[in-house]
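Right, one structure below, let's go through it.
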Amino acid sequence: FDRPKIQPAGGRTTTMARNKTRMFVGLISTVALPFFGPSASAAAVVSDGAPLPQPEAYQQRLVDWIRAGPHGYFHPSVVWRRLGPGGTTGAYAMHAAADIPAGATLLVVPRGHTLDSFKTHDPCVTVARMLHEYDQGDGSFYAPYLSYLFDDTVGGTSTGLLPSSWSEEGQEILQDILGDGEERLEPEEYGHDSVFEACGRSFLAPHTKTPLTDARRRRLAEDAHLFWVSRSWTDKMIPVLDMYNHRNGASKNVESTAVHKDDSDITAYALRDIRAGEQLQNTYSECMDEDCGWGDIQYTYLTHNIFADYGFLEFYPRRWQLDGAVAEIDEDLDTGAKSFRWIFDRPSPDTLRWIEGQLARLRSIEDGIRTDVADHRTAAGGEHADRHNIDHEADSLLELYEGYVEVLARAVEHRDDPVGVTRPQFEQELRAARAAAKYDEL
């Protein structure tokens with residue numbers, strides 16, 4: 001699946017916001033917003049070359065739709081390729097088909113192509129608007145994007161990716177890995193409110209005091225809400241920009257301009273020189289925008305947060321909350337060698353005892369976890385099999401288990417290491433990154 005971008009702090013709406021949502025359900029229409037192009041410093045001059053053909057019809061449809069908008073742009077040397085062996089299997093991701101220099105424009109999403117809450121800043125309005133537009137089918141201006149999200153025939157997205165929407169069996173194995181009690185592993189909470197908890201029990205219902213009873217509409221509403229949870233920038237859905245995969249560290253090569261200027265287009269640009277064949281990858285926790293606190297959440301929005309909010313274990317570097325300490329494991333892209341460092345503080349004696357205890361617990365249940373995951377993979381997924389991605393659940397469970405064993409074992413091995421990143425060092429790095437981001441806000 002194409003991994004999404006998240007807003008870190010979604011949440012419940014107020015009663016007033018829910019009332020606004022009901023009002024907007026009947027009034028939703030496409031809004032043409034004025035264009036204010038990105039500053040010249042944000043990216044290099046846009047090329048006029050025709051983009052490479054994309055392998056799937058839904059991808060080509062998205063590219064053509066973006067390019068047809070005012071100042072819309074998709075880099076002519078960017079193409080989706082599969083990530084499996086030989087590029088013939090696995091999920092799709094965007095790649096550079098030729099060398100792309102630092103600063104080059106990769107994507108311009110016209111503001112009118114975004115789905116937002118009509119400037120109410122109410123995510124429930126955004127969800128309602130997605131559903132209203134999807135009901136229009138190919139008659140909706142947003143059909144290329146919404147078909148990618150909702151339709152199960154285009155190969156774009158899949159339900160059941162977030163742990164909160166996993167099968168009951170998958171969640172039981174996850175609980176076994178995380179443990180019980182107050183000292184369990186993170187994430188302590190991985191659930192998300194349903195759309196009817198977040199937006200009100202009568203969301204989309206014909207009457208304001210009765211719940212929606214149409215089963216298909218309820219399912220679509222829940223899907224739309226999960227797309228918002230896992231793909232949005234607060235109240236905004238940004239087509240194609242939300243299809244870059246996540247990677248921090250040296251692999252990160254894409255950054256984008258701020259999305260919360262209501263009247264400006266959104267530009268993604270090459271953060272560094274990108275070699276032909278490289279995957280284009282942005283960041284969900286080191287990003288230089290409002291949703292990431294202008295980079296401030298780098299060591300607080302961690303691997304377990306990304307797992308809960310996106311449903312995958314990120315590639316290296318991984319940053320883990322280990323009781324009262326934060327540890328990072330990174331991997332050299334050329335040699336594959338692993339490195340470990342403590343972030344901000346060394347572990348206390350109590351934290352070290354907690355680390356040793358968790359490592360011993362996980363090692364003691366390894367055979368059971370691997371057996372349970374294998375059995376789960378061969379199961380049909382229960383009565384709601386069509387709503388779950390069992391292979392994804394099984395893969396994610398093993399990755400999380402092995403990731404925790406790795407970091408806990410290295411934490412014991414490096415218990416006496418000095419701090420790898422101090423707070424003053426991070427503040428200095430942050431100032432440099434913000435200066436390089438080229439945002440007017442900074």
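The values are calculated or read from the model by the stated rules, or taken from the named source; none is laboratory data. Please read all numbers here as calculations on a predicted model, not as lab measurements. Glycine also receives a Cβ, built like all others from the backbone with ideal geometry; neighbour counts cover every protein chain displayed. Ligands, DNA and RNA are excluded from the accessible area calculation, which covers all protein heavy atoms including side chains. Shrake-Rupley method; radii C 1.70, N 1.55, O 1.52, S 1.80 Å.
When you scan segment 261-273, do you find a residue that is outside any loop (DSSP other than H, G, I, E, B), open to solvent by 30 Å² or more (accessible area, probe 1.4 Å), out of contact with any Asp or Glu (no Cβ under 6 Å at 6 or more places or on another chain) and of a type in the set (Gly, Ala, Ser), even just one? No: zero hits. Which one is surrounded by the fewest Cβ atoms within 10 Å (Cβ to Cβ), of the residues in segment 301-343 that are at pLDDT 95 or above, closer than 27 Å to SER164 by Cβ and among the polar types (S, T, N, Q)? This residue is GLN321.
Which residues, taken from segment 90-106, are more than 17 Å from ASN245 (Cα to Cα) and either in contact with a Phe, Trp or Tyr (Cβ under 8 Å, 6 or more places away or on another chain) or free of Cβ contacts under 8 Å to residues at least 40 places away in the same chain (or both)?
Across segment 90-106, the qualifying residues are GLY103, ALA104, THR105.
In this structure, is SER251 among the polar types (S, T, N, Q) and more than 14 Å from the chain's Cα centre (by Cα)? For SER251, the condition - among the polar types (S, T, N, Q) and more than 14 Å from the chain's Cα centre (by Cα) - is met. Every listed requirement among (1) buried (at least 22 other Cβ atoms within 10 Å of the Cβ); (2) touching a strand residue (DSSP E or B) at 6+ places or on another chain (Cβ under 6 Å) is met by ASN248 save one, (2).
With the structure loaded, tell me whether HIS95 is in a strand (DSSP E or B) and either modelled with pLDDT of 95 or more or in contact with a helix residue (DSSP H, G or I) (Cβ under 7 Å, 6 or more places away or on another chain) (or both) or whether it fails that test. Taking the combined requirement at face value, the residue satisfies it.
If you scan segment 274-292, which residues turn out to be open to solvent by 30 Å² or more (accessible area, probe 1.4 Å) and not in a loop (DSSP other than H, G, I, E, B)? If the condition is that a residue be open to solvent by 30 Å² or more (accessible area, probe 1.4 Å) and not in a loop (DSSP other than H, G, I, E, B), then GLN279, GLU290 are the ones that fit. Taking the criterion of being out of contact with any Pro (no Cβ under 7 Å at 6 or more places or on another chain) and assigned to a helix (DSSP H, G or I), the residues of segment 113-131 that qualify are PRO123, CYS124, VAL125, THR126, VAL127, ALA128, ARG129, MET130, LEU131. Within segment 375-383, not a single residue is in a helix (DSSP H, G or I), under 28 Å from VAL326 (Cα atoms), open to solvent by 50 Å² or more (accessible area, probe 1.4 Å) and modelled with pLDDT of 95 or more.
Every residue, every condition in (1) of a type in the set (Lys, Arg); (2) modelled with pLDDT of 95 or more; (3) farther than 20 Å from THR300 by Cα, yes or no:
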{"position": "HIS414", "(1), (2), (3)": "no, yes, yes"}
{"position": "ASP417", "(1), (2), (3)": "no, yes, yes"}
{"position": "LEU430", "(1), (2), (3)": "no, no, no"}
{"position": "LYS438", "(1), (2), (3)": "yes, no, yes"}
{"position": "LEU442", "(1), (2), (3)": "no, no, yes"}
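The one condition from (1) crowded, with 23+ Cβ neighbours inside 10 Å; (2) modelled with pLDDT under 90; (3) farther than 25 Å from ASP334 by Cβ; (4) under 16 Å from the mean Cα position of the chain (by Cα) that THR257 does not meet is (4).
Is it the case that ASP214 is surrounded by 18 or more Cβ atoms within 10 Å (Cβ to Cβ) and over 15 Å from the mean Cα position of the chain (by Cα)? Give the derivation first.
On the way: surrounded by 18 or more Cβ atoms within 10 Å (Cβ to Cβ): no; over 15 Å from the mean Cα position of the chain (by Cα): yes.
In short, no.
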